[in-house]
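Data first, discussion second: the structure below is written as C-alpha coordinates.
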Amino acid sequence: MTTTYAVLSEGLEKRFGEVRALRGLDLAVAAGTVCGILGPNGAGKTTAVRVLTTLAAPDGGSARVAGHDVVRDPAAVRRRIAVTGQYASVDGDLTGAENLRLFAKLLRSPLARADELLERFGLTGAADRPARTYSGGMRRRLDLASSLIARPEVLFLDEPTTGLDPHSRGTIWDAVRELADEGTTVLLTTQYLEEADRLADDIVLIDEGRAAHRGTPAELKALVGGYTQVVVADPSGLHAAAVVLDRLTGSEPVLDSERNTVGAVTTDPTLTLPRIVRELDAAGVPLIDAGLRAPTLDEVFLRLTRGEIPV
(Lines give C-alpha, C1' and ligand atoms only; values in the text may rest on other atoms or scores of the structure.)
Protein backbone atom coordinates (compact mmCIF):
# COMPACT_ATOMS: atom_id res chain seq x y z
CA MET A 1 0.00 0.00 0.00
CA THR A 2 1.33 3.41 -0.99
CA THR A 3 1.85 5.80 1.93
CA THR A 4 0.48 9.32 1.58
CA TYR A 5 2.68 11.90 3.26
CA ALA A 6 1.11 15.04 4.67
CA VAL A 7 4.52 16.58 5.35
CA LEU A 8 7.58 15.79 3.27
CA SER A 9 10.88 17.66 3.33
CA GLU A 10 14.21 16.86 1.69
CA GLY A 11 17.51 18.52 2.50
CA LEU A 12 15.86 21.52 4.15
CA GLU A 13 18.34 24.32 4.91
CA LYS A 14 17.94 27.55 6.83
CA ARG A 15 20.62 30.04 7.85
CA PHE A 16 20.59 33.05 10.11
CA GLY A 17 23.83 34.82 9.30
CA GLU A 18 26.62 32.40 10.18
CA VAL A 19 24.26 30.09 12.05
CA ARG A 20 22.92 27.06 10.16
CA ALA A 21 19.64 26.37 11.96
CA LEU A 22 18.65 23.58 9.55
CA ARG A 23 21.31 21.38 7.97
CA GLY A 24 19.58 19.14 5.45
CA LEU A 25 16.46 18.25 7.41
CA ASP A 26 14.51 15.29 6.01
CA LEU A 27 10.98 14.62 7.25
CA ALA A 28 8.28 12.22 6.10
CA VAL A 29 5.05 12.36 8.09
CA ALA A 30 2.27 10.02 7.03
CA ALA A 31 -1.21 11.49 6.72
CA GLY A 32 -3.50 10.99 9.70
CA THR A 33 -0.70 10.40 12.20
CA VAL A 34 0.79 12.30 15.12
CA CYS A 35 4.49 13.05 14.68
CA GLY A 36 6.43 14.21 17.72
CA ILE A 37 9.27 16.61 16.98
CA LEU A 38 11.80 16.50 19.80
CA GLY A 39 15.22 17.97 20.32
CA PRO A 40 17.37 20.01 22.69
CA ASN A 41 17.10 23.79 22.79
CA GLY A 42 18.58 25.31 19.65
CA ALA A 43 18.29 22.07 17.67
CA GLY A 44 16.14 23.65 14.94
CA LYS A 45 12.62 22.55 15.93
CA THR A 46 11.04 26.01 15.86
CA THR A 47 12.83 26.93 12.64
CA ALA A 48 11.56 23.76 11.00
CA VAL A 49 7.98 24.56 12.01
CA ARG A 50 8.32 28.15 10.74
CA VAL A 51 9.54 26.90 7.36
CA LEU A 52 6.85 24.23 7.07
CA THR A 53 4.10 26.73 7.94
CA THR A 54 5.43 29.26 5.37
CA LEU A 55 6.45 31.77 8.05
CA ALA A 56 10.08 31.55 6.93
CA ALA A 57 11.58 30.76 3.55
CA PRO A 58 14.15 27.94 3.34
CA ASP A 59 17.61 28.61 1.95
CA GLY A 60 17.84 25.18 0.38
CA GLY A 61 16.07 21.89 -0.05
CA SER A 62 12.34 21.44 -0.55
CA ALA A 63 9.21 20.83 1.49
CA ARG A 64 5.62 19.92 0.70
CA VAL A 65 2.77 20.22 3.18
CA ALA A 66 -0.68 18.83 2.38
CA GLY A 67 0.55 18.21 -1.15
CA HIS A 68 1.74 21.76 -1.86
CA ASP A 69 5.22 23.25 -2.07
CA VAL A 70 5.87 25.71 0.76
CA VAL A 71 7.85 28.03 -1.54
CA ARG A 72 6.00 27.82 -4.85
CA ASP A 73 2.46 27.70 -3.42
CA PRO A 74 2.46 29.03 0.15
CA ALA A 75 -1.14 30.25 -0.05
CA ALA A 76 -2.37 26.73 -0.77
CA VAL A 77 -0.38 25.43 2.19
CA ARG A 78 -1.83 28.05 4.52
CA ARG A 79 -5.38 27.17 3.45
CA ARG A 80 -4.82 23.59 4.58
CA ILE A 81 -3.01 24.02 7.87
CA ALA A 82 -3.52 25.47 11.33
CA VAL A 83 -0.93 26.50 13.90
CA THR A 84 -1.31 26.64 17.66
CA GLY A 85 1.64 28.25 19.41
CA GLN A 86 2.85 28.11 22.98
CA TYR A 87 0.60 30.95 24.09
CA ALA A 88 -3.13 31.37 23.63
CA SER A 89 -3.97 33.73 20.78
CA VAL A 90 -7.61 34.33 21.69
CA ASP A 91 -9.01 37.79 22.53
CA GLY A 92 -9.53 38.07 26.28
CA ASP A 93 -12.24 40.71 25.94
CA LEU A 94 -14.42 38.51 23.75
CA THR A 95 -16.40 35.59 25.09
CA GLY A 96 -15.45 32.06 24.14
CA ALA A 97 -18.33 31.91 21.68
CA GLU A 98 -17.46 35.31 20.18
CA ASN A 99 -13.85 34.25 19.66
CA LEU A 100 -14.80 31.13 17.76
CA ARG A 101 -17.53 32.85 15.74
CA LEU A 102 -15.06 35.57 14.76
CA PHE A 103 -12.65 32.95 13.46
CA ALA A 104 -15.53 31.24 11.65
CA LYS A 105 -16.43 34.48 9.86
CA LEU A 106 -12.80 35.23 8.96
CA LEU A 107 -12.32 31.73 7.59
CA ARG A 108 -15.75 31.63 5.93
CA SER A 109 -16.82 28.61 7.91
CA PRO A 110 -20.37 27.97 9.17
CA LEU A 111 -21.09 29.62 12.52
CA ALA A 112 -22.46 26.29 13.70
CA ARG A 113 -18.87 25.06 13.65
CA ALA A 114 -18.13 27.36 16.61
CA ASP A 115 -20.93 25.82 18.70
CA GLU A 116 -19.78 22.34 17.73
CA LEU A 117 -16.25 23.03 18.96
CA LEU A 118 -17.42 24.67 22.18
CA GLU A 119 -19.25 21.47 23.01
CA ARG A 120 -16.40 19.23 21.89
CA PHE A 121 -13.89 20.98 24.17
CA GLY A 122 -16.21 21.22 27.15
CA LEU A 123 -16.61 24.99 26.97
CA THR A 124 -20.36 25.31 26.43
CA GLY A 125 -20.99 26.32 30.05
CA ALA A 126 -18.41 29.12 29.76
CA ALA A 127 -19.28 30.15 26.21
CA ASP A 128 -20.72 33.54 27.25
CA ARG A 129 -17.90 34.46 29.63
CA PRO A 130 -14.99 36.69 28.55
CA ALA A 131 -11.97 34.58 27.71
CA ARG A 132 -9.88 36.56 30.22
CA THR A 133 -11.87 34.86 33.00
CA TYR A 134 -10.90 31.39 31.76
CA SER A 135 -8.35 29.24 33.51
CA GLY A 136 -5.11 28.42 31.68
CA GLY A 137 -6.43 25.05 30.64
CA MET A 138 -9.67 26.53 29.32
CA ARG A 139 -7.80 29.15 27.30
CA ARG A 140 -5.60 26.46 25.76
CA ARG A 141 -8.69 24.44 24.84
CA LEU A 142 -10.28 27.53 23.31
CA ASP A 143 -7.08 28.25 21.40
CA LEU A 144 -6.98 24.72 20.03
CA ALA A 145 -10.66 24.93 19.12
CA SER A 146 -10.00 28.12 17.14
CA SER A 147 -7.33 26.27 15.14
CA LEU A 148 -9.89 23.68 14.10
CA ILE A 149 -12.57 26.02 12.78
CA ALA A 150 -11.55 25.43 9.16
CA ARG A 151 -10.93 21.68 9.61
CA PRO A 152 -7.21 21.75 8.75
CA GLU A 153 -5.53 18.84 7.04
CA VAL A 154 -2.35 19.42 9.03
CA LEU A 155 -2.22 20.88 12.54
CA PHE A 156 1.04 22.21 13.99
CA LEU A 157 1.08 22.20 17.79
CA ASP A 158 3.98 24.01 19.45
CA GLU A 159 4.23 23.16 23.15
CA PRO A 160 0.42 22.85 23.47
CA THR A 161 0.28 21.96 27.18
CA THR A 162 3.01 24.16 28.64
CA GLY A 163 2.08 25.18 32.17
CA LEU A 164 -1.13 23.15 32.34
CA ASP A 165 -2.20 20.96 35.25
CA PRO A 166 -2.41 17.18 34.66
CA HIS A 167 -6.20 17.23 34.17
CA SER A 168 -6.08 19.99 31.53
CA ARG A 169 -3.13 18.30 29.86
CA GLY A 170 -5.10 15.06 29.65
CA THR A 171 -8.02 16.88 28.03
CA ILE A 172 -5.75 18.29 25.33
CA TRP A 173 -4.18 14.86 24.79
CA ASP A 174 -7.59 13.29 24.27
CA ALA A 175 -8.50 15.97 21.74
CA VAL A 176 -5.27 15.48 19.78
CA ARG A 177 -5.75 11.72 19.55
CA GLU A 178 -9.35 12.21 18.38
CA LEU A 179 -8.15 14.57 15.65
CA ALA A 180 -5.65 12.02 14.39
CA ASP A 181 -8.29 9.30 14.47
CA GLU A 182 -10.47 11.53 12.29
CA GLY A 183 -7.68 11.95 9.72
CA THR A 184 -5.94 15.18 10.75
CA THR A 185 -2.15 15.04 10.64
CA VAL A 186 -0.55 16.53 13.76
CA LEU A 187 3.02 17.77 14.13
CA LEU A 188 3.73 18.15 17.83
CA THR A 189 6.74 19.89 19.32
CA THR A 190 6.97 19.41 23.05
CA GLN A 191 9.37 19.39 25.99
CA TYR A 192 7.13 16.94 27.85
CA LEU A 193 8.59 13.57 26.88
CA GLU A 194 5.60 11.78 28.40
CA GLU A 195 3.39 13.77 26.04
CA ALA A 196 5.28 12.52 22.99
CA ASP A 197 5.26 8.99 24.37
CA ARG A 198 1.49 9.06 24.86
CA LEU A 199 0.51 10.80 21.62
CA ALA A 200 3.07 10.25 18.88
CA ASP A 201 2.82 7.48 16.32
CA ASP A 202 6.34 8.41 15.24
CA ILE A 203 9.03 10.61 16.73
CA VAL A 204 11.75 12.58 14.98
CA LEU A 205 14.65 13.69 17.14
CA ILE A 206 16.19 16.82 15.64
CA ASP A 207 19.73 17.61 16.68
CA GLU A 208 21.94 20.31 15.14
CA GLY A 209 19.42 20.96 12.39
CA ARG A 210 19.17 17.36 11.21
CA ALA A 211 16.84 14.43 11.81
CA ALA A 212 19.29 12.47 13.97
CA HIS A 213 16.94 9.64 14.97
CA ARG A 214 13.42 8.63 14.03
CA GLY A 215 10.99 5.84 14.80
CA THR A 216 8.08 4.87 16.97
CA PRO A 217 8.48 5.41 20.74
CA ALA A 218 9.02 1.66 21.09
CA GLU A 219 11.70 1.60 18.38
CA LEU A 220 13.61 4.47 19.97
CA LYS A 221 13.42 2.82 23.38
CA ALA A 222 14.82 -0.36 21.85
CA LEU A 223 17.93 1.60 20.87
CA VAL A 224 18.58 2.28 24.54
CA GLY A 225 17.41 -1.04 25.96
CA GLY A 226 16.07 -1.87 29.38
CA TYR A 227 17.45 -1.03 32.78
CA THR A 228 17.87 -3.41 35.67
CA GLN A 229 18.55 -2.42 39.26
CA VAL A 230 18.97 -4.51 42.37
CA VAL A 231 19.12 -3.60 46.04
CA VAL A 232 21.49 -5.83 47.99
CA ALA A 233 20.88 -6.76 51.63
CA ASP A 234 24.52 -6.27 52.61
CA PRO A 235 26.94 -3.63 51.22
CA SER A 236 29.58 -6.35 50.97
CA GLY A 237 27.53 -7.85 48.13
CA LEU A 238 27.74 -4.79 45.87
CA HIS A 239 30.86 -5.90 44.02
CA ALA A 240 29.58 -9.45 43.46
CA ALA A 241 26.26 -8.08 42.19
CA ALA A 242 28.12 -5.76 39.82
CA VAL A 243 30.10 -8.70 38.40
CA VAL A 244 26.88 -10.63 37.72
CA LEU A 245 25.10 -7.68 36.08
CA ASP A 246 28.18 -6.89 34.01
CA ARG A 247 28.15 -10.44 32.65
CA LEU A 248 24.39 -10.54 32.02
CA THR A 249 23.94 -7.10 30.48
CA GLY A 250 27.27 -6.46 28.79
CA SER A 251 27.34 -2.90 30.11
CA GLU A 252 29.21 -1.27 32.96
CA PRO A 253 27.13 -1.35 36.18
CA VAL A 254 26.58 1.72 38.32
CA LEU A 255 27.08 1.20 42.05
CA ASP A 256 25.50 3.34 44.77
CA SER A 257 26.99 2.45 48.14
CA GLU A 258 24.66 4.81 50.00
CA ARG A 259 21.52 3.07 48.75
CA ASN A 260 23.12 -0.36 48.31
CA THR A 261 22.03 -0.52 44.67
CA VAL A 262 23.61 -1.76 41.47
CA GLY A 263 22.10 -0.87 38.10
CA ALA A 264 22.95 -1.54 34.47
CA VAL A 265 21.54 -0.93 31.00
CA THR A 266 20.72 -3.97 28.89
CA THR A 267 19.88 -4.27 25.20
CA ASP A 268 19.24 -8.03 25.43
CA PRO A 269 15.48 -8.53 24.89
CA THR A 270 15.72 -12.11 26.21
CA LEU A 271 17.03 -11.10 29.63
CA THR A 272 14.35 -11.66 32.26
CA LEU A 273 14.04 -10.66 35.90
CA PRO A 274 13.81 -14.31 37.13
CA ARG A 275 17.11 -15.05 35.39
CA ILE A 276 18.77 -12.06 37.02
CA VAL A 277 17.53 -13.12 40.46
CA ARG A 278 18.66 -16.74 39.91
CA GLU A 279 22.15 -15.68 38.83
CA LEU A 280 22.55 -13.37 41.80
CA ASP A 281 21.33 -16.09 44.14
CA ALA A 282 23.81 -18.53 42.65
CA ALA A 283 26.56 -15.97 43.29
CA GLY A 284 25.51 -15.77 46.93
CA VAL A 285 24.22 -12.21 46.77
CA PRO A 286 21.25 -11.67 49.12
CA LEU A 287 18.69 -9.20 47.71
CA ILE A 288 16.12 -6.85 49.17
CA ASP A 289 14.63 -5.84 45.81
CA ALA A 290 15.19 -6.29 42.07
CA GLY A 291 13.63 -4.73 39.00
CA LEU A 292 13.85 -4.74 35.21
CA ARG A 293 12.06 -2.04 33.25
CA ALA A 294 11.92 -0.44 29.84
CA PRO A 295 13.62 2.96 29.53
CA THR A 296 11.54 6.10 29.70
CA LEU A 297 11.50 8.44 26.72
CA ASP A 298 13.36 10.94 28.91
CA GLU A 299 16.25 8.48 29.22
CA VAL A 300 16.17 7.82 25.49
CA PHE A 301 16.24 11.55 24.77
CA LEU A 302 19.20 12.16 27.09
CA ARG A 303 21.29 9.29 25.72
CA LEU A 304 20.57 10.05 22.08
CA THR A 305 21.26 13.78 22.36
CA ARG A 306 24.51 13.09 24.25
CA GLY A 307 25.70 10.96 21.35
CA GLU A 308 25.92 7.80 23.45
CA ILE A 309 24.13 5.80 20.75
CA PRO A 310 25.43 5.94 17.16
CA VAL A 311 23.14 7.22 14.40
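Return the carbon/sulfur percentage of the accessible area of the chain, one whole number, probe 1.4 Å, all protein chains in place. Don't skip to the answer; put the middle values down first.
Details: 7750 of 15410 Å².
Within the chain, the accessible surface is 50 percent carbon and sulfur.
What order do you get for 274-283, 181-190, 55-64 when each peptide is scored by the mean count of other beta carbon atoms within 10 Å, highest first?
Working: 274-283: 14.2, 181-190: 19.3, 55-64: 16.6.
Highest mean packing first, the order is 181-190, 55-64, 274-283.
Which one, Pro40, Pro269, Thr124, is farthest towards the positive end of the dipole of the chain when Lys and Arg carry +1 and Asp and Glu -1 on their Cβ?
The residue sitting farthest along the positive end of the dipole is Thr124.
Please work out, to two decimal places, the log10 of the ratio I(q)/I(0) at q = 0.16, 0.17, 0.18, 0.24 Å⁻¹ from a Debye calculation in which every Cα of segment 43-108 carries one identical scatterer.
Ignoring solvent entirely, the Cα scatterers give -0.67, -0.73, -0.78, -1.02.
Which Cα, out of Ser62, Ala233, Ala218, lies furthest along the positive dipole direction of the chain (beta carbon charges, K/R +1, D/E -1)?
Ser62
Quick test of the membrane-span-like rule: which DSSP H helices of the chain reach at least 18 Å along their long axis (C-alpha atoms) with mean Kyte hydropathy at least -1.0? Display every interim value, and only then the final one.
On the way: long enough: 166-181 (22 Å, -0.69).
Helices passing the filter in the chain: 166-181.
Per 10 Å bin from zero, what fraction in whole % of the C-alpha pairs of segment 3-145 is there, up to the bin with the longest pair?
11, 32, 28, 23, 6, 0
Under unit Cβ charges (Lys, Arg +1; Asp, Glu -1), what dipole magnitude, rounded to 20 debye, does segment 11-115 have relative to its Cα centre? Walk me through the numbers on the way to the answer.
Working: 15 positive and 10 negative charges, 49 e Å.
Roughly 240 debye, rounded to the nearest 20.
What is the antiparallel percent of DSSP beta bridges lying wholly in the chain, to the nearest 5? Before the final figure, lay out the partial values.
Details: 37 of 54 bridges.
The antiparallel proportion sits near 70 percent.
To the nearest 0.05, what FRET efficiency results for Arg15 and Glu116 with a Förster distance of 51 Å applied to their C-beta separation?
On the way: r = 43 Å, r/R0 = 0.85.
After rounding, the FRET efficiency stands at 0.75.
Going by the alpha-carbon gyration tensor, a ≥ b ≥ c the square roots of its eigenvalues, is segment 149-261 rounded (a/c under 1.5) or, if a/c is not under 1.5, prolate (a/b greater than b/c) versus oblate? If you can, show how the numbers build up before the last one.
Working: a/c = 3.47, a/b = 2.38, b/c = 1.46.
In terms of gyration-tensor shape, prolate.
Which value, in Å² rounded to 10, gives the accessible area of Leu102 with a 1.4 Å probe and all protein chains present?
Answer for Leu102: close to 80 Å² accessible.
For segment 154-311, with only Lys/Arg (+1) and Asp/Glu (-1) charged at the beta-carbon, what is the dipole magnitude about the Cα centre, in debye rounded to 20?
Working: 13 positive and 27 negative charges, 99 e Å.
It works out to roughly 480 debye.
At a probe size of 1.4 Å, how large is the accessible area of Lys105, to the nearest 10 Å²?
140 Å²
Averaged over all directions, how much area does the convex hull of the C-alpha atoms of the chain cover when projected, in nm²?
On the way: hull surface 81.2 nm².
The number I arrive at for the chain is 20.3 nm².
Which shape class, rounded, prolate or oblate, goes with segment 57-205 when its Cα gyration tensor gives a ≥ b ≥ c as root eigenvalues, a/c under 1.5 marks rounded, and past that a/b bigger than b/c marks prolate? Mind showing how you got there, number by number?
On the way: a/c = 1.93, a/b = 1.27, b/c = 1.52.
Taking the square roots of the gyration eigenvalues as a ≥ b ≥ c, segment 57-205 is oblate.
Looking at Val176, Leu22, Thr53, which one has the Cα that reaches farthest to the positive end of the dipole of the chain (charges on Cβ: Lys, Arg +1; Asp, Glu -1)?
The residue sitting farthest along the positive end of the dipole is Thr53.
The values are calculated or read from the model by the stated rules, or taken from the named source; none is laboratory data. No experiment lies behind these values; they were computed from the predicted model shown. Every residue, glycine among them, receives a Cβ derived from its backbone with ideal geometry; neighbour counts consider all protein chains shown. Just the protein is used for accessible areas: all its heavy atoms, side chains included, with ligands, DNA and RNA removed. Shrake-Rupley method; radii C 1.70, N 1.55, O 1.52, S 1.80 Å.
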